[in-house]
Amino acid sequence: MEIVPLAQHHLDQATVLSQAETWPHRLEDWQMLMTLSQGRAALRDGVVIGIALRTDYGPDVSLLNMIIVRQSERGQGIGYKLMSSLMDKVSGRELRLAATKAGVPLYEKLGFESEREIIQCQGEIAPVSLPDRRISPAKPEDTHAIIELDSRFLAADRSALVQWLAKYARLAVVRGERGEVCGYAALRRFGKGQVIGPIQTQSKLQAQSLIRYFAASLAGQFIRIDTDSALGLMPWLEDLGLKCVDTVTRMRKNPKTDPRPAFGLCSQALG
Ligand SMILES: CC(C)(COP(=O)(O)OP(=O)(O)OC[C@H]1O[C@@H](n2cnc3c(N)ncnc32)[C@H](O)[C@@H]1OP(=O)(O)O)[C@@H](O)C(=O)NCCC(=O)NCCS
């Protein structure tokens, strides 16, 4: 077994590995992750048997994500080696991840500690009317304000991700009295349908308005939202037709920042 830098030509096999876990990622979703991350592949006889990514957000924070070892190869330390190989280069940074139940024991061994639960909600969205709040599509000149707001809420700089979303996703903003951006959300293709996230706002009402803004044109379509359990969006999401299908645990190592819980994650991988 050898561990090598993850390359574009490994992504077909990465997609097969994630589909074997019934994760919904398409090849395009892996490609998006690769543009923002670096990774490692564990190879046996040239075949990918394990994978892990690291996404760096500014100088202080990194996320570890998409950690998968083929079922028949588990329990031999491959997951540990993949993680260590990515973590060696960033000692001193705060490390974050969203752990499945299968992942928690490995991450605890690596020094991560559990924090809050993230709820994965999805389903065919019910018809809703447009919100009457000040929601509008983001303009290109809003990107800077969105990056600033996102960094403040996340306590990490993910400007590369927001720029990617500005190019390939739909972005909407909620504005304050003077027209300033005080919240935003994104809608993009992902997995079996579309994801609404990130959703970064100061209040639950603003988050609900942004969700309704997108939902108004999506009735009957498959929508996914990953939301922080602490923010209590769930009963309302159920009324919209989205059911909780799973939970994952936020974990951190070397915590140094104070990120806010998010009404919507970009994805479990990207926070
Ligand atoms: C999580 C996963 C990557 C672990 O890979 P792995 O190669 O089996 O992990 P390792 O063999 O390196 O295990 C490292 C340590 O954690 C422990 N460990 C790993 N998974 C465990 C589990 N489910 N329960 C108990 N202990 C576990 C191992 O015992 C080992 O400790 P040891 O060295 O003292 O024996 C693998 O189970 C997997 O791909 N799961 C499905 C996808 C998934 O959920 N990934 C996590 C996404 S956040």
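For ALA99, the residues whose amide H sits under 5 Å from its own are THR249, ARG250, MET251, ignoring neighbours fewer than 5 places away on the same chain, with H placed 1.01 Å from N.
Listed values for the range 91-103 are Karplus-derived 3J(HN,Hα) couplings in whole Hz (6.51 cos²θ - 1.76 cosθ + 1.60, θ = phi - 60°), namely 4, x, 7, 6, 10, 10, 7, 10, 9, 6, 4, 5, x, and x replaces Gly and Pro. Annotation: amide H-H contacts under 5 Å for GLY58 (H modelled 1.01 Å from N, sequence separation of 5 or more, or interchain): ASP157. Taking other Cβ atoms within 10 Å as a rough exposure proxy, SER62, SER159 sort from fewest to most as SER159, SER62.
Short-range pairs are left out: with C-alpha atoms under 8 Å and at least six residues apart, the relative contact order of the range 176-271 is 33 percent.
Working note: Karplus 6.51/-1.76/1.60 with θ = phi - 60° gives the range 154-165 the couplings 7, 6, 6, 9, 10, 4, 4, 5, 4, 5, 4, 5 Hz, where Gly and Pro are set to x. Taking the fewest neighbouring Cβ atoms within 10 Å as the starting point, the ordered list for ARG133, ARG93, ARG44 is ARG44, ARG133, ARG93.
By the equivalent-ellipsoid construction on the alpha carbon gyration tensor, the range 59-111 comes out with semi-axes of 20, 12, 9 Å, ordered largest to smallest.
Compare the peptides 194-201, 122-129 by average per-residue count of other Cβ atoms within 10 angstrom and give them in order, highest first.
Averaged packing, sorted descending, gives the order 194-201, 122-129.
May I ask you to sort CYS121, CYS266 by Cβ crowding, counting other Cβ atoms within 10 Å and putting the fewest first?
Details: CYS121 22, CYS266 26.
Ranking CYS121, CYS266 by Cβ neighbours within 10 Å, fewest first, gives CYS121, CYS266.
Taking the square root of 5 times each eigenvalue of the Cα gyration tensor, what semi-axes in Å does the equivalent ellipsoid of the chain have, largest first? Whole-Å semi-axes of the equivalent ellipsoid: 32, 20, 17.
With helices as the sole contributors, the chain gives -8000 deg cm²/dmol at 222 nm; each DSSP H run of n ≥ 4 counts as -39500 (n - 2.57), and the sum is divided by every residue. Working note: Karplus 6.51/-1.76/1.60 with θ = phi - 60° gives the range 146-151 the couplings 5, 4, 5, 5, 4, 5 Hz, where Gly and Pro are set to x.
For the peptides 240-249, 52-61, 69-78, the ranking by mean Cβ contacts within 10 Å, running from highest to lowest, is 52-61, 240-249, 69-78. Under 5 Å from the amide H of ARG134 lie the amide H atoms of ARG175, each residue being 5 or more positions distant or on a separate chain, with H modelled from the backbone and absent for Pro and chain starts.
Rule-based calculations on the coordinates, nothing more; no lab input. Small disclaimer: the values here were computed from a predicted structure and weren't measured. Counting neighbours? That spans all protein chains shown, and the Cβs are built from the backbone with ideal geometry, glycine included.
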